[in-house]
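Each remark here refers to the structure printed beneath this line.
The values are calculated or read from the model by the stated rules, or taken from the named source; none is laboratory data. Note that the structure is predicted; figures quoted are calculated from it, not measured. Because the Cβ atoms are built from the backbone with ideal geometry, glycine has one as well, and the counts that use them run over all protein chains shown.
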């Protein structure tokens, strides 16, 4: 072999090796990007109109206001100085680089389940796949002595699982690989329980996995003015009548034949679940469908035509019926069936039958906008009614909806609506991004 | 600082512009779409119930052009001095994102194939001498068969409701027997007949005519179009024309195309951008970009582009060609030049029929595109020989929903008192028991009916206004009179107790004070001869080959059908040839 050819071959081999290394790095970055979407990092760490992951999203906690941090690789303002071990500690154990404990707004008790491989991919992504942004998030507004972080350490010791425990306690729980994947995604990165599981008075989730019993994903306390419904198989208030396809469509497009997204879940779909593969969405849906009802007393919902018949005969004697016909029926129809997946059905819709009417009242008060999704670009919008209807009228119409078509939830009073007005949510985080269509 | 460069600049964010933007971004081009008016979105413009405020909507004309900034001047004949059109009345051009596609009704026709080759067709049937002197009867230079795939595509994007007659040679339904073969059915079933439409259907059928459901871009069911954009179903609220549909049921660029376009990083929409001119090279054979005024900052901006698409309203496209120097302005005296030639309109007259007081017409319900029509007197569907005119009219009951103020203004019909108890009785009787029947017909082109730049009047930007020289001509007046005379027996069969048949009168000049239709056409027409058309059959300027001009400006004569369906199909047709031929080798697609 002549020298130049040999050198050329050698160079070629070297270049190929380098290209392979780059490709695999790229693959790791892409895997990390995917996991960051699955973990919905952006919902809390990105503000619309500002650089991605540069923090600044505010959270109202009982003791004050905190802001999410900059998690771009900037060394001074972000997490650029974190080693992979420190990154792992923050994610899975809630320990900052300086050793103090993170507020459990960061769902580290869920992330404890993340595998080493996934942690690595996320680390590489936040190092190489995200642009460093040299800005600091605003300072938390929590007055002393509540601002001291050391009590959080005790909280962590008491309530957060160690990664070892989180991983071993759930290992081998499912033989079906689809269920196993679904469980991993829901209980781990997607941290659905952070909102959808009830919390104890000491704020820890009462159950972190399906393994922990029927409180897991049985519906949570209000977050930002929205009451997260149960994701278990209750017939009326859970996902009992949602098919796997309905759940997949909901997580992919924010809309399905059984309901449309609103409130805080909007950004979870916009930044998170719409980016997941159909396989992973099916895994999530399959797993959610496997969680038995936490309320065995619920009678199955069946459509009741009484109200429909009344409205068709122009009988508006039911409380709230006239307001419903004037304000709601154009889209949701007198039969309450709406026009899925454009205008959601109210008949049989679990959100209508939640014991806590907060979400329903807030939708009526502030309206709701479906975000433009990659697979469903139309931003269908319901207008706000808080400046058009009195508290009494809202109470009446919401009560009407909660009683009609077989729905069987409690009545709502004007006083309830007044109370809910105090917690009327700020504009959806996604609103700015979606108002155009 | 260098000008921003973009692959394609599109002027106007209506149907034509939005379709072209979607097609060109799909082809991988970077696209900036400039819109003179403001951003408009359904959550804001369509917010219920403010969106159905008639005073704000149809009366104060919220979605229409602001004539205090720019308008046209109008005169009837060449010996008159034109005056500015200062109050919206006869026609209502749109302004803002969505353009006229946001405030339209939604009647979504294809075309009568013979209308595309009307000159050839008339000569074949009646001889060349049948064409009156001074009538510029011309063919489009494109056939129905060539356009069919693009009509089909547009219907699927618009979510059009209708009933087909013939699909792939087979009779499939109770549609319009005069309509040509289709490659596929309508994407949605026809809208339901209103009561008034149903009795017209029965009466027309009994009279031996062939009634059919109007094709409507009002969704009869919820629908997701090929772009993933969703529509809600129409509930016949009646707030279509002049309004942004709060139910997402009336097709508009805003509902059916822009949601998908806005997700494309290669697409930028710039509202409040009034285009002043297309910039040309010194030889005036190539466009280099456009200059526009940011109407908020009042700054003049400039973009460089390889391809310029004019997708503004019909007369704005012609105006931009004239002020930019694209092509040769038409001169009616020497009969030379093409830009401004064959300016056309439509003949529309609305008659009213009163039924017995036991019959309720429920005029408060309706939809802009719904109704029942007959085509027995449209296009070449009847024998013009003994009648001695060219053209025709569909006749229809298109109950679009009578709103309260409109009902009060229109009460009673001709000759009834305008005040007092007689007026009130007429108002109640008319609202409860009457219905409208329209003859919505063709208007031919004439040598002395045209568009040019006004020698006197200027807009606020200092540019000369476009001047319309237009009046009704004998051929079209007689056509209208004949078709309206055919309404009478149908109305009698419907059980009319009184009728007010309205038609054009001999010698009647065009009157700008009453609403007629916004279906203006021509002025920069397509054709196969650069001496008599400004654009070739691909809507490409014969003179400046990187300028395409999309809109009803391309129509050589005004047809009996509503124009939007043809505009959309022509946009997809032009886009197809840009994508498959022009982009590979930019230049004239037809040798001059």
Select from segment B:220-248 the residues that are within 13 Å of chain A (Cβ to nearest Cβ) and within 19 Å of the chain's Cα centre (by Cα) and list them in ascending order.
B:239, B:244, B:245
Could you check residue A:193 against (1) under 14 Å from residue A:289 (Cα atoms); (2) crowded, with 24+ Cβ neighbours inside 10 Å and say which number it fails?
(1)
Tell me yes or no: at least one residue of segment B:293-302 is within 17 Å of the chain's Cα centre (by Cα) and either surrounded by 24 or more Cβ atoms within 10 Å (Cβ to Cβ) or on the phi < 0 side of the Ramachandran plot (or both).
no
Here is a list of conditions, (1) crowded, with 20+ Cβ neighbours inside 10 Å; (2) within 14 Å of chain B (Cβ to nearest Cβ); (3) touching a helix residue (DSSP H, G or I) at 6+ places or on another chain (Cβ under 7 Å); (4) in a loop (DSSP other than H, G, I, E, B), and residue A:345 meets all of them except one; can you say which number that is?
(3)
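Take segment B:41-55 and flag every residue that is more than 10 Å from chain A (Cβ to nearest Cβ) and in contact with a helix residue (DSSP H, G or I) (Cβ under 7 Å, 6 or more places away or on another chain). Reasoning before the result, please.
Residues of segment B:41-55 that are more than 10 Å from chain A (Cβ to nearest Cβ), as a first pass: B:45, B:53-55.
B:45, B:54, B:55 - these are the residues of segment B:41-55 that are more than 10 Å from chain A (Cβ to nearest Cβ) and in contact with a helix residue (DSSP H, G or I) (Cβ under 7 Å, 6 or more places away or on another chain).
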Would you check if there is a residue in segment B:259-268 being within 12 Å of chain A (Cβ to nearest Cβ), over 30 Å from residue B:326 (Cβ atoms), assigned to a helix (DSSP H, G or I) and at pLDDT 95 or above?
yes
Odd one out for residue A:377, checked against (1) away from chain B (no Cβ under 14 Å); (2) within 29 Å of the chain's Cα centre (by Cα):
(1)
Picking from A:258, A:266, the residue that is within 26 Å of residue B:222 (Cβ to Cβ) and at pLDDT below 95 would be A:266
Taking segment B:194-211 and keeping only residues that are buried (at least 19 other Cβ atoms within 10 Å of the Cβ) and either part of a helix (DSSP H, G or I) or touching a helix residue (DSSP H, G or I) at 6+ places or on another chain (Cβ under 7 Å) (or both), one is left with B:196, B:197, B:199, B:200, B:201, B:203, B:204, B:211
Just one of B:254, B:316, B:362 is within 14 Å of chain A (Cβ to nearest Cβ) and within 30 Å of residue B:394 (Cα to Cα); which is it?
B:254
Would you mention how many residues in segment A:51-76 are in contact (Cβ under 8 Å) with a residue 60 or more places away in the chain, out of contact with any strand residue (DSSP E or B) (no Cβ under 6 Å at 6 or more places or on another chain) and not in a strand (DSSP E or B)?
12
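Any chance segment B:212-220 includes a residue that's closer than 18 Å to residue B:52 by Cβ and either assigned to a loop (DSSP other than H, G, I, E, B) or touching a helix residue (DSSP H, G or I) at 6+ places or on another chain (Cβ under 6 Å) (or both)?
Yes, some residue in segment B:212-220 is closer than 18 Å to residue B:52 by Cβ and either assigned to a loop (DSSP other than H, G, I, E, B) or touching a helix residue (DSSP H, G or I) at 6+ places or on another chain (Cβ under 6 Å) (or both).
Using the structure shown, decide if residue B:529 is modelled with pLDDT of 95 or more and part of a loop (DSSP other than H, G, I, E, B).
Values: modelled with pLDDT of 95 or more: yes; part of a loop (DSSP other than H, G, I, E, B): yes.
Here the answer is yes, as residue B:529 does meet what is asked.
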If residue B:514 satisfies all but one of (1) assigned to a strand (DSSP E or B); (2) modelled with pLDDT under 95, what's the number of the condition it fails?
(1)
Residue A:213 - would you say it is at positive phi and without any contact (Cβ under 8 Å) to a residue 40 or more places away in the chain?
yes
Suppose we filter A:258, A:202, A:227, A:297 for residues that are closer than 25 Å to residue A:358 by Cβ, surrounded by fewer than 23 Cβ atoms within 10 Å (Cβ to Cβ) and without any contact (Cβ under 8 Å) to a residue 12 or more places away in the chain; which single one remains?
A:297
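Take the residues of segment A:306-335 that are part of a loop (DSSP other than H, G, I, E, B) and touching a residue at least 40 places away in the same chain (Cβ under 8 Å): which is farthest from residue A:413 (Cα to Cα)?
Applying the first criterion (part of a loop (DSSP other than H, G, I, E, B)) to segment A:306-335 yields A:313-320, A:333-335.
From what is left, the residues that are touching a residue at least 40 places away in the same chain (Cβ under 8 Å) are A:318-320, A:335.
Values: A:318: 15, A:319: 12, A:320: 12, A:335: 24 Å.
The residue in question is A:335.
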On the given criteria, is residue A:167 touching a strand residue (DSSP E or B) at 6+ places or on another chain (Cβ under 7 Å) and surrounded by 16 or more Cβ atoms within 10 Å (Cβ to Cβ)?
no
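Taking segment B:355-366, which residues are farther than 16 Å from residue B:407 by Cα and under 22 Å from the mean Cα position of the chain (by Cα)?
From segment B:355-366, those farther than 16 Å from residue B:407 by Cα are B:355-359; that's our starting set.
If the condition is that a residue be farther than 16 Å from residue B:407 by Cα and under 22 Å from the mean Cα position of the chain (by Cα), then no residue fits.
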If we keep just the residues of segment A:360-374 that are surrounded by fewer than 24 Cβ atoms within 10 Å (Cβ to Cβ) and more than 9 Å from every other protein chain (Cβ to nearest Cβ), which is farthest from residue A:270 (Cα to Cα)?
A:365
Here the residues within segment B:152-185 that are closer than 19 Å to residue B:115 by Cβ, assigned to a helix (DSSP H, G or I) and touching a helix residue (DSSP H, G or I) at 6+ places or on another chain (Cβ under 6 Å) are B:154
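Just the residues that are crowded, with 20+ Cβ neighbours inside 10 Å and either touching a helix residue (DSSP H, G or I) at 6+ places or on another chain (Cβ under 7 Å) or in a strand (DSSP E or B) (or both), please, taken from segment B:330-347. Outline the logic, then answer.
Within segment B:330-347, the subset crowded, with 20+ Cβ neighbours inside 10 Å is B:330, B:338-347.
Answer for segment B:330-347, where residues must be crowded, with 20+ Cβ neighbours inside 10 Å and either touching a helix residue (DSSP H, G or I) at 6+ places or on another chain (Cβ under 7 Å) or in a strand (DSSP E or B) (or both): B:339, B:340, B:344, B:347.
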For segment A:380-392, which positions are away from chain B (no Cβ under 11 Å) and either surrounded by 19 or more Cβ atoms within 10 Å (Cβ to Cβ) or touching a strand residue (DSSP E or B) at 6+ places or on another chain (Cβ under 7 Å) (or both)?
A:389, A:391
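With under 30 Å from residue B:331 (Cα atoms), more than 14 Å from chain A (Cβ to nearest Cβ) and crowded, with 21+ Cβ neighbours inside 10 Å as the only criterion, which of B:147, B:137 stands out? Spell out the reasoning first.
Numbers: B:147 fails: under 30 Å from residue B:331 (Cα atoms).
Testing whether each residue is under 30 Å from residue B:331 (Cα atoms), more than 14 Å from chain A (Cβ to nearest Cβ) and crowded, with 21+ Cβ neighbours inside 10 Å leaves just B:137.
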